[in-house]
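*Asks:* I am attaching a structure below and will ask some questions about it afterwards.
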Amino acid sequence: MSAETEELCNAKPVKEHKWLDKLLGNWTYEGEAIMGPDKPTLKSSGSETIRSLGGLWIIAEGVGKMPDGEEGKTFMTLGYNPKTKRFPGSWIGSMMTHMWVYDGEMDKSEKILTLNTEGPSFTDPSKSAKFQDIIEIVSEDERILRSQFQTETGDWVQFMSTIYKRKK
């Protein structure tokens with residue numbers, strides 16, 4: 001086995017993996033989404049359980065009430081790659097067929113993780129657009145997830161905000 005292969009197969013958690021541990025546990029959430037200028041604000045709520053996979057990855061499983069009253073389920077993975085110094089991950093939901101693949105970066109304050117991704121454009125689903133899911137640690141028991149997309153002019157527009165509170 002090469003040294004590189006051995007390193008890949010015997011990874012040890014580093015500081016950034018320990019940052020992801022802040023997300024572990026059981027959470028409730030309430031969110032709002034604005035899907036267009038002439039559309040009403042959509043509200044959602046539910047719960048999420050986040051667990052560790054070997055101290056290197058987190059797995060988040062969410063379930064909640066969608067704006068249409070139906071139950072939605074979500075699944076997110078996040079990790080850290082010391083070689084690239086990036087946070088890879090993914091997100092899937094029972095309400096859509098697109099798999100969001102993340103390439104994330106931490107800000108200097110180490111309170112905000114920005115997850116860059118691409119997906120179907122809101123204005124033309126046959127085209128791709130850039131998106132960001134931004135996780136902000138507010139406190140040990142609260143975090144915020146903001147989602148935004150990039151317009152054709154390069155501006156970022158927030159369309160969703162969700163507040164998570166740790167279950168006691």
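*Asks:* Are there GluC sites (Glu not before Pro) in the range 1-103 that DSSP marks as loop and that have at most 10 other Cβ atoms within 10 Å, and which are they?
*Replies:* On the way: sites: 4, 6, 7, 16, 30, 32, 48, 61, 70, 71; in loops: 70.
Sites meeting the loop and neighbour criteria: 70.
*Asks:* Here's another thing I want to ask about it. Could you report the accessible area of residue 139 in Å², rounded to 10, computed with a 1.4 Å probe on the protein chains as they sit in the structure?
*Replies:* So the heavy atoms of residue 139 present about 50 Å² to solvent.
*Asks:* Now for a separate question. Starting from the range 104-166, pick out the trypsin sites (Lys or Arg not before Pro) whose DSSP state is loop and whose Cβ has at most 12 other Cβ atoms within 10 Å. If you can, show how the numbers build up before the last one.
*Replies:* Values: sites: 108, 111, 127, 130, 143, 146, 165, 166; in loops: 108, 111, 127.
Sites meeting the loop and neighbour criteria: 108, 127.
*Asks:* Something else: Take the cross-link list 127/165; 73/130; 22/108; 43/111; 18/168; 43/85 and give me the ones stretching past 28 Å between alpha-carbons.
*Replies:* Working: 127/165 35 Å; 73/130 23 Å; 22/108 17 Å; 43/111 25 Å; 18/168 21 Å; 43/85 35 Å.
Going by Cα-Cα distance, 127/165; 43/85 fall outside the 28 Å limit.
*Asks:* Does a label point 7 Å from the Cα of residue 168, set along Cα-to-beta-carbon, have any residues of the range 116-140 with amide nitrogen under 18 Å, and which are they?
*Replies:* What the label zone holds, given the 18 Å backbone N cut-off, is 138-140.
*Asks:* DSSP loop GluC sites (Glu not before Pro) in the range 104-168 with at most 10 other Cβ atoms within 10 Å of their Cβ, which ones?
*Replies:* Details: sites: 105, 110, 118, 136, 140, 142, 152; in loops: 110, 140, 152.
The qualifying sites are 140, 152.
*Asks:* What percent do you get for the relative contact order of the range 31-106 when only Cα pairs under 8 Å and 6+ apart count? Provide the component values of the computation, followed by the final result.
*Replies:* Values: 142 pairs, mean separation 13.7, N = 76.
RCO, the range 31-106: 18 percent.
*Asks:* Specify which labelled value, from (i) 11.6; (ii) 9.1; (iii) 12.7, agrees with mean projected area of the Cα convex hull in nm² derived from the coordinates of the model shown.
*Replies:* Among (i) 11.6; (ii) 9.1; (iii) 12.7, the one derived from this structure is (i).
*Asks:* Given a cut-off of under 8 Å on Cα pairs at least six residues apart, what relative contact order in percent is computed for the chain?
*Replies:* Details: 355 pairs, mean separation 27.2, N = 168.
For the chain, the relative contact order is 16 percent.
*Asks:* Cα centroids of the range 110-168 and the range 15-70: how far apart, whole angstrom?
*Replies:* 11
*Asks:* Taking 7 Å along the Cα-to-C-beta vector as the label spot, tell me the residue 151-residue 126 distance in nanometres, rounded to one decimal.
*Replies:* Between residue 151 and residue 126, the label points sit 2.4 nm apart.
*Asks:* Let me ask something else about it. Show 17, 98 ordered by accessible area, largest first, where the area counts protein heavy atoms only and the probe is 1.4 Å. Before the final figure, lay out the partial values.
*Replies:* On the way: 17 5, 98 60 Å².
Result of the area sort, largest leading: 98, 17.
*Asks:* Mean-square fluctuation check for the chain, GNM, Cα pairs under 10 Å: which of 119, 62, 89 is largest?
*Replies:* Residue with maximal mean-square fluctuation among 119, 62, 89: 119.
*Asks:* Which one, 96, 106, 66, has the greatest fluctuation when you compute a Gaussian network model over the chain with C-alpha springs under 10 angstrom?
*Replies:* Evaluated over the chain, the most mobile residue of the options is 96.
*Asks:* Of 44, 94, which has the most accessible area and how do the rest follow, probe 1.4 Å? Please list the in-between numbers first.
*Replies:* Working: 44 35, 94 80 Å².
Correct descending sequence by accessible area is 94, 44.
*Asks:* Another one. What order do 78, 56 take when sorted by accessible area (1.4 Å probe), most exposed first? Display every interim value, and only then the final one.
*Replies:* On the way: 78 0, 56 40 Å².
Largest accessible area first, the residues go 56, 78.
The values are calculated or read from the model by the stated rules, or taken from the named source; none is laboratory data. Since this is a predicted model, take the numbers as computed values, not measurements. Neighbour counts are summed over all protein chains in view; Cβ atoms, including those assigned to glycine, are modelled from backbone coordinates with ideal geometry. These accessible areas exclude ligands, DNA and RNA; they are computed on the full protein's heavy atoms, side chains included. Shrake-Rupley method; radii C 1.70, N 1.55, O 1.52, S 1.80 Å.
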